[in-house]
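Written out below as structure tokens is the structure these notes cover.
The values are calculated or read from the model by the stated rules, or taken from the named source; none is laboratory data. Keep in mind the model is a prediction, meaning the values are calculated, not measured. Heads up, the Cβs are rebuilt from the backbone with ideal geometry, glycines too, and the neighbour counts pull from every protein chain shown. Surface accessibility is based on the protein's heavy atoms, side chains included, excluding ligands, DNA and RNA. Shrake-Rupley method; radii C 1.70, N 1.55, O 1.52, S 1.80 Å.
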Amino acid sequence: MTDMQSLIDKADVLTEALPYIRAFYGKTVVIKYGGAAMVDDDLKRDFASDVVLLKYIGINPVVVHGGGPQIDQTLKKLGRESVFVDGMRVTDQFTMEVVEMVLTGKVSQEIVAMINQMGGAAVGLSGKDGALIRARKLDKSRSNQTDLGLVGEVEEVIPDILHSLDSSRFIPVIAPVGVDASGQTLNINADLVAAKLAAALRAAKLVYLSDVSGVNDEEGKLISSLVTSRAREMVQSGTIAGGMIPKVEHCLLALSEGVGKTHIIDGRVKHAVLLEIFTDKGIGTEIKTD
């Protein structure tokens, strides 16, 4: 390939992205950051640069992160084993303190530092800051009658602090903990927090980074676009199964509460966020209303 052809190819990429840049200028994109993209150093830098680029071209990224493996490692060092019921962490007061310490004091700050290093201006928050996430203890019926301790669900999102940061050109990085009416800190599923934040912000897109390519059909082939009615059918039939079920359900929840489109993409792919948002085909599964 000649140098001139290489330059033309780069120009073609920009031309393909232009309609999407125009469509999403000034809009909010909520990104749930997790999986391999949070572990691999190269992928971490790619993600941070993607987020910074979004901000520079006029799109407002909001990052929600998990941190399960980091919490497990810290608990193990402290002589405590992690206990899960249906994929949810049993959280006593000691564990809650470790969860908050790891998510807000370690993971969030590492993401903030990486984004800032790439030229952005990120700020780490938890759901407790600015009364962002009001939570309530998870109903036992949601966990097969097992008391999970200080595990919460989102009662209300009050996004005032996020609007203030956006007007000041900051990128919010949010740890998924909230506080109930009594002031008790609660551990909340990060996918749920991302969906509820996207709904409260009337986000144009909600993007889940995962360690799979997206939603597959009955033959195991990736589905690039899926409507809500078909997604529900696939859950009921068992085509969508295992860990993909809660991700799809959170996509459906976000769509039902006003989010424009939702995406499940492979965070192991270099610049996955940009490829999904700014190319015609994308790389994962887009889920939208019928």
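Annotations for the structure displayed:
- Filter result (open to solvent by 10 Å² or more (accessible area, probe 1.4 Å) and in a helix (DSSP H, G or I)) within the range 161-189: Ile161, His163, Ser164, Leu165, Asp166, Ser167
- Any hit, the range 216-232, residues being in contact (Cβ under 8 Å) with a residue 60 or more places away in the chain and assigned to a helix (DSSP H, G or I): yes
- Every condition in (1) acidic (Asp, Glu); (2) under 30 Å from Asp46 (Cβ atoms); (3) touching a strand residue (DSSP E or B) at 6+ places or on another chain (Cβ under 9 Å) is met by Glu110 except one, and the failing one is (3).
- Filter pass, Tyr20 being touching a Phe, Trp or Tyr at 6+ places or on another chain (Cβ under 8 Å), open to solvent by 50 Å² or more (accessible area, probe 1.4 Å) and aromatic (Phe, Trp, Tyr): yes
- Each residue in the range 74-112 was checked for being surrounded by 13 or more Cβ atoms within 10 Å (Cβ to Cβ), out of contact with any helix residue (DSSP H, G or I) (no Cβ under 9 Å at 6 or more places or on another chain) and over 19 Å from Gly178 (Cα atoms), and 1 of them qualify.
- Every residue from the range 225-234 that is open to solvent by less than 40 Å² (accessible area, probe 1.4 Å) and hydrophobic (A, V, I, L, M, F, W, C): Leu226, Ala231, Met234
- Among the conditions (1) out of contact with any Lys or Arg (no Cβ under 6 Å at 6 or more places or on another chain); (2) modelled with pLDDT of 95 or more; (3) more than 17 Å from Gly66 (Cα to Cα); (4) not basic (Lys, Arg), the only one that Ala195 does not satisfy is (3).
- Residue, farthest from Gly258 (Cα to Cα), within the range 190-201, restricted to residues that are surrounded by 23 or more Cβ atoms within 10 Å (Cβ to Cβ) and small (Gly, Ala, Ser): Ala190
- Only one of Gly243, Gly258 that is open to solvent by 10 Å² or more (accessible area, probe 1.4 Å), closer than 22 Å to Gly67 by Cα and small (Gly, Ala, Ser): Gly243
- Meets criteria (open to solvent by less than 70 Å² (accessible area, probe 1.4 Å) and part of a strand (DSSP E or B)) for Gly130: no
- Restricting the first member to the range 239-262 and to residues that are in a loop (DSSP other than H, G, I, E, B), and the second to residues that are open to solvent by 40 Å² or more (accessible area, probe 1.4 Å) and modelled with pLDDT under 95, the beta-carbon pairs closer than 6 Å and six or more apart or on different chains are Thr239/Glu218.
- Per-region count, the range 263-273, residues open to solvent by 40 Å² or more (accessible area, probe 1.4 Å) and assigned to a helix (DSSP H, G or I): 0
- For the range 202-224, the criterion of being surrounded by fewer than 14 Cβ atoms within 10 Å (Cβ to Cβ), modelled with pLDDT of 95 or more and within 23 Å of Asp160 (Cβ to Cβ) is met by at least one residue.
- The range 33-45, subset within 14 Å of Val112 (Cα to Cα) and of a type outside the set (A, V, I, L, M, F, W, C), residue surrounded by the fewest Cβ atoms within 10 Å (Cβ to Cβ): Arg45
- Looking across the range 57-73 at every residue that is open to solvent by 40 Å² or more (accessible area, probe 1.4 Å) and not aliphatic (A, V, I, L, M), the one that is nearest to Leu18 (Cα to Cα) is identified as Pro69.
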